[in-house]
1. Looking at the chain as a GNM with Cα springs under 10 Å, which of A125, A294, A227 has the largest mean-square fluctuation?
2. For the chain, what is the calculated [θ] at 222 nm in deg cm²/dmol (nearest 500), taking -39500 (n - 2.57) for each run of four or more DSSP H residues and dividing by its residue count?
3. K285: which aspartates and glutamates have alpha carbons under 17 Å from its alpha carbon, excluding same-chain residues fewer than 8 sequence positions away?
4. Considering amide H positions built from the backbone, and no H for Pro or chain starts, which residues 5 or more places from I321, or on another chain, come under 5 Å of its amide H?
5. Would you tell me the accessible area of L326, worked out with a 1.4 angstrom probe on the heavy atoms of the protein chains, in Å² to the nearest 10?
6. What Rg and what Dmax come out for the stretch 151-255 when only alpha-carbon atoms are used, in angstroms?
7. May I ask you to derive the relative contact order of the chain, considering only C-alpha pairs under 8 Å and at least 6 residues apart, and to give it as an integer percent?
8. What residues qualify as long-range amide H neighbours of G231, i.e. H under 5 Å apart, gap of 5 or more or another chain, H built at 1.01 Å from N?
Amino acid sequence: MGCDRRKFITATAVGAGAAALSGCAAFDPVGWQSMIGDAIGTGAKPLPPLKKGDGSGIDQKWFKEFVAGFVKDDRVNNLSGDFEGEAIFRDSLVGFVSGADPLLAEYKKIIGPFHHTPDEAMAWAAAEQGVKKPPVKQIGVVSFVLPLVDEIVSDNSNQERWTSARWAHGRLYGEVFCQQLVASMLSELADRGILAVAPDLMPDFRKRRYPDVGWASPWSHRHMAFAAGLGSFGMNDFFISEMGSAHRCGSLVVGVPLEPDRERHPHHRHNCLHHQTGGCLVCAKRCPVGANSAKGHNKDKCSRNVMNNVPHNQLANNVNIYGCGLCATGTPCAQEAPV
């Protein structure tokens with residue numbers, strides 16, 4: 001787990017020519033790669049070669065310790081630029097769900113028919129590795145939520161229109177951290193002979209606007225977190241864990257039978273104060289473009305605002321990334337579940 005984030009950035013940058021211009025935020029290759037990857041996809045990335053092994057010792061405890069150890073590794077968990085040396089994440093939550101859980105198949109109706117099941121993701125991974133896919137009951141999903149440190153959340157809580165500098169840097173390098181965490185976990189599992197995949201690596205993974213659904217991707221980390229009992233959704237569609245909605249989250253599919261060790265919430269908005277009492281909607285007041293309301297989240301308004309933050313982040317915050325996060329900060333659910 002002793003990976004160097006800067007080596008990871010260099011290895012995945014879009015090219016040496018762009019890297020030479022990285023002193024200017026508008027030409028920062030890391031930010032461009034993140035935004036372009038979301039917009040048009042990055043194409044399938046090769047999985048680490050699967051080696052022979054019996055997978056001994058890989059259980060729920062192992063996954064929790066792996067993620068917690070990565071977060072505690074200061075060389076990886078830190079911002080760059082003006083905030084060099086400051087941590088990004090303060091803790092970690094890890095949950096599990098069986099690949100055979102009926103809810104995961106139901107997501108094809110709840111989210112859309114384009115959303116992959118763990119079985120479909122594992123079928124792709126098995127074909128890539130040239131091995132037989134394990135039966136669905138032998139497949140598990142690992143979900144993790146990484147809450148942001150107080151300083152990042154506090155800075156953005158004080159904003160009324162544009163993203164704060166710390167939040168913008170945390171948005172970009174927090175995502176880089178998550179990618180490196182997953183890549184390291186996949187490598188370790190492959191070394192132990194365990195087939196695993198992050199659906200983000202599949203060739204069709206990208207956000208797009210679907211008819212009758214709006215903006216979505218073929219794999220939702222937040223919905224996996226709900227299935228794993230890590231929290232529920234707010235009126236703004238942010239995921240509210242017991243440590244709040246100011247976080248990054250991720251998930252991966254593994255050839256290990258896993259069962260939840262947390263009870264799933266009875267309603268998809270259980271942790272939302274407005275859902276419970278009808279008297280909150282601070283997230284709606286925080287939104288500068290009116291994308292949140294008692295009716296829910298307007299993805300189109302939100303998406304336009306998020307992208308409008310790009311030039312502001314380049315010029316004012318010296319980082320090349322989209323983002324906003326105002327409705328995830330300065331709210332009762334920012335750093336805890338208010339219910």
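The values are calculated or read from the model by the stated rules, or taken from the named source; none is laboratory data. Since the structure is predicted, the reported quantities are computational estimates derived from the model, not experimental observations. Cβ coordinates were reconstructed from backbone atoms using ideal geometry, including for glycine residues, and neighbour counts include every protein chain displayed. Areas reflect the complete protein model, heavy atoms only, side chains present, ligands, DNA and RNA absent. Shrake-Rupley method; radii C 1.70, N 1.55, O 1.52, S 1.80 Å.
1. Looking only at A125, A294, A227, the biggest GNM fluctuation is shown by A294.
2. Details: 12 runs with 128 residues, N = 339.
Taking each H run of at least 4 residues, the total per residue is -11500 deg cm²/dmol.
3. List returned: E160, D237.
4. Answer set, sorted by chain and number: Q314.
5. 0 Å²
6. Expressed in Å, the Cα Rg and Dmax of the stretch 151-255 come to 15.8, 50.
7. Relative contact order comes out at 24 percent.
8. H265
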